[in-house]
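Beneath this line is the structure, given in structure tokens, with notes to follow.
The values are calculated or read from the model by the stated rules, or taken from the named source; none is laboratory data. In this text the structure is predicted, and so the values were computed from the model without any measurement. When we count neighbours, we look across all protein chains shown, and the Cβ atoms used for this are built from the backbone with ideal geometry, even at glycine.
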Amino acid sequence: MIEITNNNVLFVDDEELILAKIERKLNKEEFTMFFANSGREALRILKENEIAVIIIDLSMPKVNGIKLLKMINYDYPDLVKVIFSSYSDSQTMISALYSGDVYHYIPKGVVNRDEGYKIEFIPVIKRAIERYNLIKENSRLKQGVIKADLSLEG
């Protein structure tokens, strides 16, 4: 079992009501939540905090979810990205999935169902946190091997 060293989750949605519902439903979970109501605010939070998982609504004004995915993919390659959207247009979903190395899709409708949180939302977030920590542990182990190889050569 991997040790969880970072459990920070950033939720990005321009609808304040959705963010408030998420905060209310998930406040007893064992992860730290951050909230942004715009792509610009999400970028600020990412700069100031080490975030493990970002959950992004695709339909936002100015910097939409697809643009945000493209912007963060280069600067935060280890960040686990989850799409949270009510889009049913398959072309939009395909564009989003290809634009930013997306780990999972959660339909926005789960926010309105209590069982949706338990069955869909919380397990996806927990697996995404585990994935992030596995990625970080793998990077740390690779660095250790590289350092060991260099010390043997030198």
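Details
- Qualifying residue in segment 2-15 (condition: in a helix (DSSP H, G or I) and either modelled with pLDDT under 95 or aliphatic (A, V, I, L, M) (or both)): no
- ILE72 being at pLDDT 90 or above, crowded, with 18+ Cβ neighbours inside 10 Å and assigned to a helix (DSSP H, G or I): yes
- Residue pairs whose Cβ atoms lie under 6 Å apart, sitting 6 or more positions apart in sequence or on different chains, and linking a residue in segment 10-25 that is in contact (Cβ under 8 Å) with a residue 24 or more places away in the chain and of a type in the set (A, V, I, L, M) to a partner that is part of a helix (DSSP H, G or I) and surrounded by 15 or more Cβ atoms within 10 Å (Cβ to Cβ), are LEU10/ILE45; VAL12/ALA42; ILE18/VAL111.
- With respect to the conditions (1) over 23 Å from LYS136 (Cα atoms); (2) in contact (Cβ under 8 Å) with a residue 24 or more places away in the chain; (3) in a helix (DSSP H, G or I), LEU43 falls short on a single one, namely (1).
- Selection within segment 102-139 - of a type in the set (D, E, K, R), modelled with pLDDT of 85 or more and either closer than 18 Å to GLU30 by Cα or in contact with a Phe, Trp or Tyr (Cβ under 7 Å, 6 or more places away or on another chain) (or both): LYS126, ARG127, GLU130, ARG131
- Criterion applied to LYS147, LYS142 was being more than 21 Å from LEU43 (Cα to Cα) and at pLDDT 75 or above, and the one residue passing it is LYS142.
- Selection status of ILE66, under 14 Å from the mean Cα position of the chain (by Cα) and either surrounded by 16 or more Cβ atoms within 10 Å (Cβ to Cβ) or in a strand (DSSP E or B) (or both): yes
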